[in-house]
Each structure stands twice: as C-alpha cells, then as structure tokens.
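Everything on this sheet refers to the single structure shown next.
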Amino acid sequence: MERQRLAFREFGIPARIATFNSKESGDALIKEWTGRKNCYVSVYAFDEMKGKKGTNYDSAIIETIWFDFDDDENVTNCLEDVRKLYAEFCVPKNLTPRIYYTGGRGFQLNIDFPYLPLPTHIKRDAIRDFLTHLKTKYKLKTLDQKCINNSVVCLRRMVNTPYIDKKTNQKNGRYCIQLEVEEMLEYTMEEIEKLSEWPRTRSFNIDREKNEGAAKGLLQYVCNALKIKFTSTNTIPYLLDVINESDDSHKKYTKSRVTGFVYPVRPCIKKAIQRAIGKGTNDHTANTAIAAELINADWKDQDIAFVFSSIYEGESGNKWGWYKDNGEVGFQIKNLRAKAINRFSKNRLMQYKICRDKFCACGN
Ligand SMILES: [Zn+2]
C-alpha cells in the first residue's frame with residue numbers, strides 16, 4: 001500500500017510555528033532556531049490542511065508508533081522502561097525500535113512500519129488506546145500519558161539539536177541523540193549522557209518491513225476493541241478490510257473531523273456516476289462509494305437523491321433505498337449519514353475498480 005500525497009510535518013519551539021515538506025525547508029527552520037529554542041517536529045507527517053487554519057490532524061500518515069518516556073526526578077527510570085519495553089514487546093515480536101535520548105530527562109522510541117491506511121475516524125483513538133494498553137500491560141511508569149493522549153498530534157525533539165533548559169533558557173551542553181539498540185542495552189546513563197555532548201552524524205538503518213508485527217498488533221488491538229474475530233495468521237490488508245467494514249467502528253470511534261471540512265468530488269467518482277447513468281444500473285458497492293463521496297462533499301440530500309434517480313431512471317427507488325419516488329433520499333443514504341462514513345480511500349476505489357489509474361488524482 002502506497003501513500004499518495006505530498007506530506008508535510010509541523011515544526012515547533014514548542015509552539016507550532018511552521019510546516020515543512022522537504023529536508024531543505026526543515027534544515028532552514030533548524031538553522032533559524034537551533035540553540036535559541038528547543039526544536040520540535042511532529043511525530044507524524046500529514047497530507048491535508050484544514051482550510052488555511054492549519055493541519056488537518058486526521059490526515060496523519062500512520063507508519064510509526066511513538067513512545068515518550070519522561071522522569072523529572074531520575075532519567076535512569078526512563079532508560080529502565082525503554083529496556084523493559086524492548087525486552088517484553090519488541091524482542092518477542094522481532095521489532096527493531098528507533099531510540100533517542102532527549103539530552104534532558106527522557107527517552108523517545110519509535111517503531112516504524114510500512115504505511116498503514118487506518119480509517120480516518122479510527123486513527124487518533126486507536127493509537128491513543130493502543131499505547132495506553134501497552135503502558136498498562138508492561139507497567140511503563142515513565143511513559144508520558146499526556147503524549148499518549150495527544151496521539152497523532154504529538155511533537156518530538158529534533159535529533160541532533162541542543163537541549164535548552166526551560167528555566168534558565170541556556171543550553172545544558174547536551175544534544176538529542178539517536179542510539180543503537182545495543183547502546184541502549186549496554187551503556188550506563190552516564191555513558192549515554194557523555195555521548196550526547198555532541199551531535200551524531202552517523203546513519204542508523206531501520207527496516208520497516210521487518211516491523212510489520214507492530215502494525216499488526218495495533219490492528220489486532222482495534223479488532224478486539226470492536227469485537228471482531230481474527231486469527232494470528234490474518235494479514236494486514238485483511239484486518240484493515242474487516243475494520244473498514246465494521247459498523248461498530250462508527251459507534252465506538254466518533255469522527256473527530258471538524259464539521260465544515262468539505263472534500264471535493266473526485267474525477268473517478270464523477271466518471272463512475274456517468275458510467276452508471278449510461279448503464280442504467282449500478283452495483284451496491286459502487287453506489288456506496290458514490291454516496292459516501294457526495295455526503296463528504298457536503299451535497300444536499302435532494303441532490304444526492306437526484307443522482308441516484310438518474311442512474312435508475314424510470315424505476316421505483318423505494319425498494320433499494322438510494323432514493324424515494326418523492327425525491328427524498330432513501331434509507332441507505334440516511335444510514336451512511338448516521339454512521340458519519342468516510343469517503344472511500346484511493347486504495348478502496350482501486351480495489352473495487354472504481355478508480356483504475358494508479359497515478360490519477362483520487363489520492364489528492
Ligand atoms: Zn482515480
């Protein structure tokens with residue numbers, strides 16, 4: 001599964017003052033602020049703005065989960081929690097984490113995996129609940145619940161930028177640095193602090209594909225929450241499909257999208273409508289795709305009813321529920337509205353051959 005759109009990240013000091021979408025523009029921001037302020041970057045990349053007002057956090061691109069460990073009293077407690085998470089969660093699932101010492105009183109850890117197109121209305125809650133579950137299960141006392149609650153909105157320290165003491169506003173002489181797994185396991189806290197006196201320019205390789213178990217764990221957690229049955233051999237695309245199809249997901253996870261955000265109708269959906277009108281009939285899934293699209297494009301009921309009555313020109317609409325003969329919408333549309341259903345993703349459109357062009361604009 002591939003991502004479709006140009007992604008950007010947020011930059012903070014820690015107030016979110018900018019976004020950037022390339023290494024160069026990110027470096028320019030660091031150059032401007034490093035040493036004066038603590039530099040932060042959003043853990044997730046996004047691919048949608050909410051009008052001109054800022055980031056649409058529901059557009060977060062999920063390809064990692066992130067753990068923020070903090071202890072004001074004793075940073076060694078954080079190191080112990082990182083080791084515990086590694087031993088009890090990562091090792092059994094064969095996951096390789098990306099690990100950082102912040103330069104101050106904490107550690108941060110990512111588990112990266114291939115792009116996971118979680119349904120929009122689920123993302124935020126699913127990640128928050130999954131991390132809370134791991135915090136409880138492995139008794140990770142220093143794992144910061146505030147960061148967990150921020151879910152896809154969280155910011156992290158930027159690697160290789162200096163740590164500024166918030167009270168004195170001075171550098172403490174250490175940098176946020178990345179560590180190898182072996183270093184995290186073997187070094188003492190003093191050795192790690194010593195290491196953080198300089199930025200580290202060496203490269204660290206993480207194989208996302210090998211970390212698929214973390215993405216699967218997240219999906220299995222969501223399935224349990226939704227009481228969906230699955231087996232350990234079920235694949236990620238299968239689990240995504242059953243979650244997508246689940247009616248309960250719309251009851252359990254309420255859409256956090258702010259009303260008023262309108263998606264335009266995509267060209268392949270317009271073509272699908274034209275094709276259906278030409279044929280004088282359509283299948284159920286294609287109708288659902290069209291209806292979900294028009295609802296999310298903020299079309300009025302009577303206009304949606306008109307589209308479907310045009311497809312089934314001359315037929316009574318009462319039976320199938322897309323429109324009524326009096327010009328109102330039928331129960332299918334009402335159900336979709338009640339469930340606050342999302343429009344179909346590019347992947348789903350391609351799966352159902354409504355979109356047939358890998359490079360068309362449906363992902364935009
Ligand atoms: Zn398309």
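So what's the gap between the Cα centers of the stretch 109-126 and the stretch 277-305, to the nearest angstrom?
29 Å
How do T233, T132, T142 rank when sorted from fewest to most other Cβ atoms within 10 Å of their own Cβ?
Ordered from fewest to most neighbouring Cβ atoms within 10 Å, T233, T132, T142 come out as T233, T132, T142.
Could you sort 331-337, 147-153 so that the peptide with the highest average Cβ count within 10 Å comes first and the rest follow in order?
Per-residue mean Cβ counts within 10 Å order the peptides as 147-153, 331-337.
Can you list which of the GluC sites (Glu not before Pro) found in the stretch 33-92 are DSSP loop residues with at most 16 other C-beta atoms within 10 Å?
Passing sites in the stretch 33-92 are E73.
Go through the stretch 204-234 and name the trypsin sites (Lys or Arg not before Pro) that are in a DSSP coil and have 16 or fewer other Cβ atoms within 10 Å of their Cβ.
K227, K229
Treating only the Cβ of Lys, Arg, Asp and Glu as charged (+1, +1, -1, -1), what charge dipole size does the chain show about its Cα centre? Round to the nearest 20 debye.
Dipole about the Cα centre, nearest 20: 860 debye.
In whole Hz and in residue order, list the ³J(HN,Hα) couplings for the stretch 187-192 that follow from phi through the Karplus curve 6.51 cos²θ - 1.76 cosθ + 1.60, θ = phi - 60°; x for Gly and Pro.
These are the phi-based 3J(HN,Hα) values: 6, 7, 4, 4, 5, 5 Hz.
Highest first, please rank the peptides 307-316, 121-130 by the mean number of other Cβ atoms sitting within 10 Å of their residues.
Top to bottom by mean Cβ count within 10 Å: 121-130, 307-316.
Which of the trypsin sites (Lys or Arg not before Pro) found in the stretch 43-73 are in a DSSP loop and have at most 14 neighbouring Cβ atoms, other than their own, within 10 Å?
Hits after loop and neighbour filter: K52, K53.
Can you give the calculated 222 nm mean residue ellipticity of the chain, where each DSSP H run of n ≥ 4 adds -39,500 (n - 2.57) and the sum is split over every residue, rounded to the nearest 500 deg cm²/dmol?
-11000 deg cm²/dmol
Under 10 Å, Cα contacts only: if you run a Gaussian network model on the chain, which one of L143, L185, L95 comes out with the highest mean-square fluctuation?
L185
Strictly over 28 Å apart at the Cα level, which of K93/K166; K123/K319; K270/K319 would you flag in this model?
K93/K166; K123/K319
With the crude spin-label approximation of a point 7 Å out along Cα→Cβ, what separation in nm comes out for N205 versus K227?
If labels sit at N205 and K227, their model points lie 4.7 nm apart.
Throughout, read-outs are computed from the coordinates displayed, never taken from laboratory work. Bear in mind the structure is a predicted one, so any value in this text is a computation, not a measurement. All Cβ positions, glycine included, derive from the backbone under ideal geometry; neighbour counts span all protein chains shown.
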